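Take a look at the structure set out below.
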Amino acid sequence: MTRDEVLRKLKERFAEGILTLADKSPRRVYVDVDPGILTGICGFLFRDLGARFNTASAVDGRRSIEILYHFILEPINLLVSVRVRLDRSSPAVDSLTPFSAAADYIEREIHELFGVDFRGHPDLRRLLLPEQWPEGVHPLRRDYVEWDPTAVRDRGVR
């Protein structure tokens, strides 16, 4: 399969839910999608096109929380990043764990640090933060307010 065939198949199969497709370079493509087709397009990349799920990353933007799911099609050296933008007030999206066990820990991390609810995830328990960390406080959100008056979280900057 060629790079052009991958892009054509994505556009044909998911035309309704693809918001933008940014063809950045011969090895990199960004696909902005409606959250409703996320599991469909990621499942298609994984199962039908043989892409490997690398990881996901999250950003708390001014208007939304963005999650980028990064897939690599190794035979053609193409990285496809699928991006969803979620409502900051109640960020939720379907989990990729039903078809990719590799999504387990990164979804737990994003849930913990950004407050994203991954619907259908089998186990959203804590992964990184200590047990005494208060529920509903997400340290990588723009609106994070330090909750512990004794904490020193200056990251070494004085």
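Taking the condition buried (at least 20 other Cβ atoms within 10 Å of the Cβ), in contact with a Lys or Arg (Cβ under 7 Å, 6 or more places away or on another chain) and either in a strand (DSSP E or B) or modelled with pLDDT under 95 (or both), does Phe99 pass? No: the conditions fail for Phe99.
If the condition is being of a type outside the set (A, V, I, L, M, F, W, C) and within 17 Å of Gly43 (Cα to Cα), then segment 69-114 contributes Tyr69, His70, Glu74, Ser81, Arg83, Asp94, Ser95, Thr97, Pro98, Ser100, Asp104, Glu107. Taking the criterion of being farther than 26 Å from Arg62 by Cβ and modelled with pLDDT under 90, would at least one residue in segment 103-123 satisfy it? So far as segment 103-123 goes, no, none of its residues is farther than 26 Å from Arg62 by Cβ and modelled with pLDDT under 90. None of Leu129, Leu113 is part of a loop (DSSP other than H, G, I, E, B) and aliphatic (A, V, I, L, M) except Leu129. Looking across segment 13-40, the residues that are within 13 Å of the chain's Cα centre (by Cα) and in a helix (DSSP H, G or I) come down to Pro35, Leu38, Thr39. Among the residues of segment 118-143, those identified as under 10 Å from Ser95 (Cβ atoms) and surrounded by 14 or more Cβ atoms within 10 Å (Cβ to Cβ) are Phe118, His121, Leu124.
The condition of being of a type outside the set (Asp, Glu) and modelled with pLDDT of 95 or more holds for Arg52.
For (1) at positive phi; (2) touching a residue at least 12 places away in the same chain (Cβ under 8 Å); (3) among the charged types (D, E, K, R); (4) in contact with a Cys (Cβ under 7 Å, 6 or more places away or on another chain), each residue gets a yes or a no:
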residue	(1), (2), (3), (4)
Pro35	no, yes, no, no
Phe44	no, yes, no, no
Arg52	no, yes, yes, no
Ile67	no, yes, no, no
Asp87	no, yes, yes, no
Val93	no, yes, no, no
Ala101	no, no, no, no
Ile110	no, yes, no, no
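The residues listed here are Leu19, Leu45; of these, the one that is hydrophobic (A, V, I, L, M, F, W, C) and surrounded by 15 or more Cβ atoms within 10 Å (Cβ to Cβ) is Leu45.
Go through segment 71-96 residue by residue and tally those that are part of a loop (DSSP other than H, G, I, E, B) and buried (at least 18 other Cβ atoms within 10 Å of the Cβ). Step through it out loud before you land on a result.
Let us first name the residues in segment 71-96 that are part of a loop (DSSP other than H, G, I, E, B), namely 77, 88-91, 95-96.
Checking the rest, the ones that are also buried (at least 18 other Cβ atoms within 10 Å of the Cβ) come to 91, 95-96.
Count: 3.
List the number of the failed condition for Leu68; all other conditions in (1) in contact with a Ser or Thr (Cβ under 7 Å, 6 or more places away or on another chain); (2) crowded, with 17+ Cβ neighbours inside 10 Å; (3) closer than 30 Å to Trp133 by Cβ hold. Leu68 satisfies all of (1) in contact with a Ser or Thr (Cβ under 7 Å, 6 or more places away or on another chain); (2) crowded, with 17+ Cβ neighbours inside 10 Å; (3) closer than 30 Å to Trp133 by Cβ except (2).
The values are calculated or read from the model by the stated rules, or taken from the named source; none is laboratory data. Predicted, not measured: the structure shown is a model, and the values here were computed from it. Every residue, glycine as well, gets a Cβ built from its backbone with ideal geometry; the counts of neighbours run over all protein chains shown.
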